[in-house]
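Note sheet for the following structure.
The values are calculated or read from the model by the stated rules, or taken from the named source; none is laboratory data. What you are looking at is a predicted structure, and each value in this text was computed from that prediction instead of being measured. Positions of Cβ are generated from backbone atoms using ideal geometry, with glycine treated the same way; all protein chains shown enter the neighbour counts.
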Amino acid sequence: MFGVLNCHKPIGVTSRDVVNVVQRRMRPVKVGHAGTLDPLATGVLLVPVGPAVRLTSYLQELPKRYDAVFQLGVETASGDLEDEPLPLADAPIPNASQVESAARQLIGRIEQVPPAHSAIKVGGQRAYKLVRRGETVAMPARTVDIHGIDVVEYQYPRLRLKIECGSGTYVRTIGSDLAKLCDTVAVMASLVRTAIGGFTLEAAHPLDALRTEPLEPMLCSPLLAVPNLPHVTVSDPIMQRIQHGQVVALPGEALAAVAPDTSQIAAVDSEQRFRALLVPRDGGWRAHRCFPLP
């Protein structure tokens, strides 16, 4: 068992609930998850299985795509519809040009303040738990990458956006920041994560299937976790040395498509099975992470 499950998380369940369904069926194989979705959100949730758990950080760094709907002119403490929305007095009604302009201003590497109702730890405790106890939480800003925001539909007060962003981005905050640029407020009414890297919602498996159908045929190749790394085929004798922690020289034909400044490559064996992540070392290549055969 070595791969990634592309799961379709439904509304009303936590990411942990989905992981638990998989874990119960796969014991004693280890599973994890890459990129939490709030209970009110739906869409792609990746569950690495077996040795792929060691690729979780790579999965988390893949770009994410969302389909989000916001309601302008109202606000809640949570930034979504977990609480009853309160209208902003005399809220302005921005026109389409203002909304488009505000969206463009949020594209790029920006500073974003996460919502207090989030799972980020502050002083060792989850921020949302502190807020629910009535404490005031000052959330530190973080740098995030927003690759694109498309205004799909705008009919006040409803605003629908398609968003592509990097790891650690809070979509709720994108909506509230956009509204702020239009001198108003907003709450997130719905959120669907439509893709993580090459893992799409169309190919995601529903929770009922995860509960009842064979899971092994659903596993995606772990190489999808590292789509931007060069994939190099290594002979079996050299692969054996790699697995033993030795620094190896790779033949020129294997490295033909690898740029001189490449800092990491994915090594596959003669049967195209993902066996190691390699990094430069002492003029050769050494394993950064190995994935031995069972």
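Here is how the numbers come out for the structure above:
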{"item": "Candidate set: region 181-191, residues that are assigned to a strand (DSSP E or B) and surrounded by fewer than 22 Cβ atoms within 10 Å (Cβ to Cβ); chosen: the one nearest to the chain's Cα centre (by Cα)", "result": "190"}
{"item": "Residues of region 152-170 that turn out to be in a strand (DSSP E or B) and farther than 10 Å from residue 67 by Cα, as a count", "result": "6"}
{"item": "Close pairs (7 angstrom Cβ cut-off, 6 or more residues apart or separate chains): within 10 Å of residue 156 (Cα to Cα) in region 92-108, in a loop (DSSP other than H, G, I, E, B) anywhere", "result": "93/156; 94/182; 94/184"}
{"item": "Test set (1) within 16 Å of residue 194 (Cα to Cα); (2) in contact with a Lys or Arg (Cβ under 9 Å, 6 or more places away or on another chain); (3) surrounded by fewer than 21 Cβ atoms within 10 Å (Cβ to Cβ) - residue 21 fails condition number", "result": "(1)"}
{"item": "Whichever residue in region 38-57 is closer than 15 Å to residue 22 by Cβ and either hydroxyl-bearing (Ser, Thr, Tyr) or under 14 Å from the mean Cα position of the chain (by Cα) (or both) and, among such residues, is surrounded by the fewest Cβ atoms within 10 Å (Cβ to Cβ)", "result": "56"}
{"item": "Filter result for the condition that a residue is buried (at least 18 other Cβ atoms within 10 Å of the Cβ) and of a type outside the set (A, V, I, L, M), over 283, 245, 197, 252", "result": "197"}
{"item": "Number of the condition not met by residue 68 [criteria: (1) closer than 30 Å to residue 227 by Cβ; (2) surrounded by fewer than 20 Cβ atoms within 10 Å (Cβ to Cβ)]", "result": "(2)"}
{"item": "The listed residue being closer than 19 Å to residue 196 by Cα and at pLDDT below 90, out of 42, 14", "result": "14"}
{"item": "Residue in region 258-268 that is over 31 Å from the mean Cα position of the chain (by Cα), crowded, with 19+ Cβ neighbours inside 10 Å and not β-branched (Val, Ile, Thr) present", "result": "no"}
{"item": "Evaluation of residue 11 against (1) in contact with a Ser or Thr (Cβ under 8 Å, 6 or more places away or on another chain); (2) in contact (Cβ under 8 Å) with a residue 60 or more places away in the chain; (3) not in a strand (DSSP E or B) (one fails), failing number", "result": "(2)"}
{"item": "Members of region 247-294 found to be in contact with a helix residue (DSSP H, G or I) (Cβ under 8 Å, 6 or more places away or on another chain) and among the charged types (D, E, K, R), listed by number", "result": "269, 275, 286, 289"}
{"item": "Qualifying positions in region 47-93 - closer than 19 Å to residue 190 by Cβ, in a loop (DSSP other than H, G, I, E, B) and hydrophobic (A, V, I, L, M, F, W, C)", "result": "77, 81"}
{"item": "Pick from region 221-238, criterion modelled with pLDDT under 95, not in a loop (DSSP other than H, G, I, E, B) and not acidic (Asp, Glu), ranking: surrounded by the fewest Cβ atoms within 10 Å (Cβ to Cβ)", "result": "237"}
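Each row is one residue, and each column tells you yes or no for (1) at pLDDT 95 or above; (2) surrounded by fewer than 22 Cβ atoms within 10 Å (Cβ to Cβ); (3) in a helix (DSSP H, G or I).
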position: 172; (1), (2), (3): no, no, yes
position: 179; (1), (2), (3): yes, no, yes
position: 193; (1), (2), (3): yes, no, no
position: 202; (1), (2), (3): yes, yes, yes
position: 211; (1), (2), (3): yes, yes, yes
